[in-house]
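Down below is the structure, laid out as structure tokens.
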Protein chains: 2
Amino acid sequence: MPSRPTLFRGTLIPMTVLSRAECAALDAADPLADLRAEFALPDGVIYLDGNSLGALPRRTSERVRDTIERQWGERLIRSWNEAGWWDLPTTLGDRLARLLGAAPGQVAVCDSTSVNLFKVLTAALRMRPGRTAVVAESGSFPTDLYIAEGVAGAVGGVDRRLVSDASELPGALGDDVAVVLLNHVDYRTGRLHDMAAVTRLIHDHGALAVWDLCHSAGALPIELDACGVDFAVGCGYKYLNGGPGAPAFVYAAARHLGAVEQPLSGWWGHAEPFAFETGYAPAPGIRRFLTGSQPIIGGTALAASLDVWDRVDMTALRAKSLALTDLFMRRAEQAGLDTVTPREPERRGSQVALRVRTGDPGDGYAIVQALIDRDVIGDFRAPDIMRFGFTPLYLRYVDVWDAADALTDVLTTEPWKDDRYTTRNPIT
Amino acid sequence: MPSRPTLFRGTLIPMTVLSRAECAALDAADPLADLRAEFALPDGVIYLDGNSLGALPRRTSERVRDTIERQWGERLIRSWNEAGWWDLPTTLGDRLARLLGAAPGQVAVCDSTSVNLFKVLTAALRMRPGRTAVVAESGSFPTDLYIAEGVAGAVGGVDRRLVSDASELPGALGDDVAVVLLNHVDYRTGRLHDMAAVTRLIHDHGALAVWDLCHSAGALPIELDACGVDFAVGCGYKYLNGGPGAPAFVYAAARHLGAVEQPLSGWWGHAEPFAFETGYAPAPGIRRFLTGSQPIIGGTALAASLDVWDRVDMTALRAKSLALTDLFMRRAEQAGLDTVTPREPERRGSQVALRVRTGDPGDGYAIVQALIDRDVIGDFRAPDIMRFGFTPLYLRYVDVWDAADALTDVLTTEPWKDDRYTTRNPIT
């Protein structure tokens with residue numbers, strides 16, 4: 001086990017934490033420590049599933065109550081103007097842009113990740129006439145693959161081509177490839193792509209790069225503009241803490257916004273939506289990626305979360321994230337599990353994937369259920385991944401230590417073999 | 001002016017209301033009167049814009065607070081199972097189905113009207129291979145026309161064909177027409193189509209019928225199943241009172257659900273979403289019309305509204321609606337305005353469109369602003385429509401009487417010619 005400290009963007013990552021007391025000392029020195037008080041976490045729970053559904057910011061409920069009772073209830077229709085409802089997708093988008101490394105005017109908060117993906121894939125195909133292939137990794141979050149299929153079926157003559165890994169991209173990037181869709185962080189393994197290098201590779205072959213940021217937005221610093229990314233999508237309810245089914249987001253590089261066309265051309269994306277014309281004319285700028293009316297109540301919850309994000313130094317976030325995941329991986333290995341997530345800091349996001357070293361790979365399901373019963377919440381992704389997300393805004397080093405203790409105990413005493421843990425639920 | 005009572009579905013519509021006292025007597029006898037207490041209406045406001053954004057149900061805020069603080073905050077990821085979040089689109093759809101005249105299993109609450117329209121138009125085109133035209137009325141709510149354009153552009157070889165009125169349909173229904181998209185109630189004039197007869201006409205020509213119910217769902221009884229409708233869409237935030245940007249809905253007739261394909265094929269519509277397969281296989285039933293993660297907080301607000309709807313007799317609702325609109329139209333005409341909305345009960349929805357009889361047609365904008373300043377809230381739709389919605393759940397006969405008084409006063413004393421009313425806002 002390495003005992004030297006590792007530098008990441010100038011921040012020291014402690015690699016030699018060997019006790020709970022040392023964790024407490026790290027918490028005391030943590031520049032992000034104050035942010036934990038901004039979340040309404042249930043007592044006693046160690047929440048390692050913020051990569052699936054982020055925790056509740058403390059002020060969200062009050063903010064939503066104001067939107068419902070005052071803006072909607074009292075001011076009614078007038079709030080479309082007064083309260084900025086109509087502009088909410090771009091107001092939120094510009095606030096989110098800092099976390100994505102995007103200059104203002106390129107991000108809209110709207111719809112779901114899947115719907116936004118349909119927009120950008122179709123738009124990208126139109127920008128590369130004559131090229132007919134959409135390339136994606138077979139290990140992508142499935143909705144990406146399903147939407148690529150849907151696009152191929154709708155447009156016609158389009159080929160959805162899968163590669164098993166980004167390392168196969170050089171061979172797959174023929175001159176028929178219009179667009180490559182990649183998951184920045186793999187939803188199961190936590191593997192992080194080198195966005196700059198891969199985008200450059202894609203561009204070198206004349207294709208466009210679409211990045212799915214669902215598992216990286218809010219998990220680490222992102223540099224969409226600097227990497228020359230063409231389009232990106234992502235969700236609001238994981239690391240961004242926008243609440244269940246929060247509106248998602250779409251990014252389109254400014255250089256494309258003058259001419260790009262997307263087929264979900266509803267009235268919210270029209271240049272003059274209140275002229276009620278019969279013909280569609282896209283709004284200038286990112287607003288052309290809007291379709292229909294957007295969820296104002298859900299958008300308000302995301303706004304409350306962005307109030308917290310406004311205070312976050314993304315470099316400090318990344319340093320703590322790497323330290324937390326490193327600590328958990330090392331202790332999980334000591335407890336007898338295999339780490340699936342890459343150990344190199346530059347190759348992982350903010351989550352850890354573990355696998356049983358021996359026995360039935362599906363045992364991971366019951367192990368996770370037994371942990372949940374001890375108030376350590378992670379999740380399981382078929383067929384064999386125990387998945388734990390680490391959110392530096394509200395997780396402490398001692399939480400990670402205690403979670404590792406619970407994991408060790410569950411594995412040692414084997415309570416997870418009980419029927420009540422092995423019986424499958426549809427979702428967890 | 002007719003003084004005879006008119007029968008509609010066995011309910012007497014009073015046509016001879018001539019005083020505020022008579023209105024008060026009608027309120028005292030109103031079988032829907034109790035429902036007004038279920039809404040949090042601002043003091044002194046007469047809200048005639050529930051056709052644009054429905055009023056706030058009294059219990060919505062508390063219900064949303066529970067979803068945020070307990071389901072999300074306390075139970076976190078577990079609520080996907082425990083609180084029924086995953087099934088919310090179909091749970092809400094089955095509750096909404098009664099208002100639409102649909103048997104269970106055919107309605108999903110999801111996405112926006114525009115997004116749902118893209119799904120059903122594309123699905124319908126695939127069901128009529130060889131037919132390439134989508135027919136719509138030029139006076140449709142514009143997003144319908146824009147989405148039809150978007151579908152035509154994405155699929156290729158598809159022709160969006162406009163008719164100026166449904167009366168032109170017989171001539172337009174050539175054997176190249178795959179699908180006809182119609183607005184059940186016209187968003188400006190309030191004109192109501194005969195859904196049964198028009199659907200029959202469309203089917204007689206081998207095309208499929210898609211109905212946009214945005215301005216009729218919750219405004220009057222609808223009989224989708226009995227009329228043999230193929231697909232329908234509509235929004236949750238107008239008469240349904242689901243709140244700003246509430247999730248919309250999509251209906252697909254059971255007979256189509258075995259084979260129909262829609263291109264926004266995201267993971268929420270997959271047969272086995274948690275198997276994380278690489279290939280798309282649609283869920284059986286209406287769930288295949290889902291795409292990505294759905295807004296749970298917004299869905300909760302709609303659920304609170306459906307608690308009120310569960311108590312509503314739609315026949316009584318329709319009778320009161322017709323009485324309210326009739327009263328307002330007659331008094332507006334006495335005040336010197338022209339009625340655009342059809343006077344025949346079977347040809348109008350639950351809204352009234354008025355127009356100035358002389359002068360600049362755009363004057364209606366300022367008249368509406370002056371009314372809003374007197375707490376009578378309607379809206380204006382370019383170029384010349386003053387639009388007033390009548391929602392029998394929370395409007396009283398005396399409210400309509402008082403609104404007509406205010407309108408008469410504004411027109412008589414001409415305060416609307418003041419600059420502060422004539423200056424345009426982007427949305428109202």
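The values are calculated or read from the model by the stated rules, or taken from the named source; none is laboratory data. Everything numeric in this text was worked out from a predicted model, so none of it was measured. Using ideal geometry, Cβ is built from the backbone for each residue, glycine included, and neighbour counts are taken over all protein chains shown.
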Out of all the residues in the stretch A:130-146, which are farther than 16 Å from residue A:189 by Cα, more than 8 Å from chain B (Cβ to nearest Cβ) and either in contact with a strand residue (DSSP E or B) (Cβ under 8 Å, 6 or more places away or on another chain) or surrounded by 21 or more Cβ atoms within 10 Å (Cβ to Cβ) (or both)? A:131, A:132, A:133, A:134, A:135, A:136, A:144
Have a look at B:178, B:232, B:207 and point out the one that is surrounded by 24 or more Cβ atoms within 10 Å (Cβ to Cβ), of a type in the set (A, V, I, L, M, F, W, C), under 16 Å from residue B:123 (Cα atoms) and more than 15 Å from the chain's Cα centre (by Cα). B:207
Selection from the stretch B:185-204 of residues that are touching a Leu at 6+ places or on another chain (Cβ under 8 Å) and either under 20 Å from residue B:151 (Cβ atoms) or of a type in the set (Val, Ile, Thr) (or both): B:185, B:198, B:202
Criterion violated by residue B:49 - all others in (1) away from chain A (no Cβ under 14 Å); (2) crowded, with 24+ Cβ neighbours inside 10 Å; (3) within 18 Å of residue B:390 (Cα to Cα) satisfied: (1)
As an exercise: evaluate residue A:82 against (1) within 14 Å of chain B (Cβ to nearest Cβ); (2) in contact (Cβ under 8 Å) with a residue 24 or more places away in the chain and give the number of the one condition it does not meet. (2)
Do we have residue B:259 as part of a helix (DSSP H, G or I) and either among the aliphatic types (A, V, I, L, M) or touching a residue at least 40 places away in the same chain (Cβ under 8 Å) (or both) here? no
Restricting to the stretch B:36-46, what's the tally of residues that are in contact with a Phe, Trp or Tyr (Cβ under 7 Å, 6 or more places away or on another chain) and more than 14 Å from every other protein chain (Cβ to nearest Cβ)? 1
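What do you reckon, is residue B:306 part of a helix (DSSP H, G or I) and more than 11 Å from chain A (Cβ to nearest Cβ)?
yes
Would you mind finding the one in A:348, A:381 that is under 20 Å from the mean Cα position of the chain (by Cα), modelled with pLDDT of 95 or more and either farther than 16 Å from residue A:410 by Cα or assigned by TED's automatic domain parsing to the domain that holds residue A:196 (or both)?
On inspection, the qualifying residue turns out to be A:348.
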Let me confirm something: among B:123, B:55, which residue is closer than 25 Å to residue A:267 by Cα, touching a strand residue (DSSP E or B) at 6+ places or on another chain (Cβ under 8 Å), buried (at least 24 other Cβ atoms within 10 Å of the Cβ) and not assigned by TED's automatic domain parsing to the domain that holds residue B:160? B:55
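Show me the helices (runs of 4 or more DSSP H) entirely contained within the stretch A:10-100 in which 2 or more residues are closer than 26 Å to residue A:236 by Cα.
It comes to A:60-66, A:79-82, A:88-100.
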Using the structure shown, decide if residue A:277 is facing chain B (nearest Cβ under 9 Å), part of a loop (DSSP other than H, G, I, E, B) and at pLDDT below 95. yes
Those residues of the stretch B:250-274 which are more than 13 Å from chain A (Cβ to nearest Cβ) and either surrounded by 24 or more Cβ atoms within 10 Å (Cβ to Cβ) or of a type in the set (Gly, Ala, Ser) (or both), in sequence order: B:251, B:252, B:253, B:254, B:258, B:259
Pairs, please: C-beta under 6 Å, at least 6 apart or cross-chain, first residue in contact (Cβ under 8 Å) with a residue 60 or more places away in the chain and farther than 21 Å from residue B:151 by Cα and in the stretch A:139-161, second aromatic (Phe, Trp, Tyr) and in a loop (DSSP other than H, G, I, E, B)? A:141/A:187
Can you find, within the stretch A:289-303, the residue that is farthest from the other protein chains (Cβ to nearest Cβ) among those that are assigned to a helix (DSSP H, G or I) and crowded, with 24+ Cβ neighbours inside 10 Å? A:289
Only residues that are of a type in the set (Ser, Thr, Tyr) and farther than 17 Å from residue A:215 by Cβ: list them for the stretch A:306-323, please. A:315
Condition test on residue A:247, is it within 14 Å of chain B (Cβ to nearest Cβ), closer than 20 Å to residue B:149 by Cβ, modelled with pLDDT of 95 or more and crowded, with 24+ Cβ neighbours inside 10 Å? no
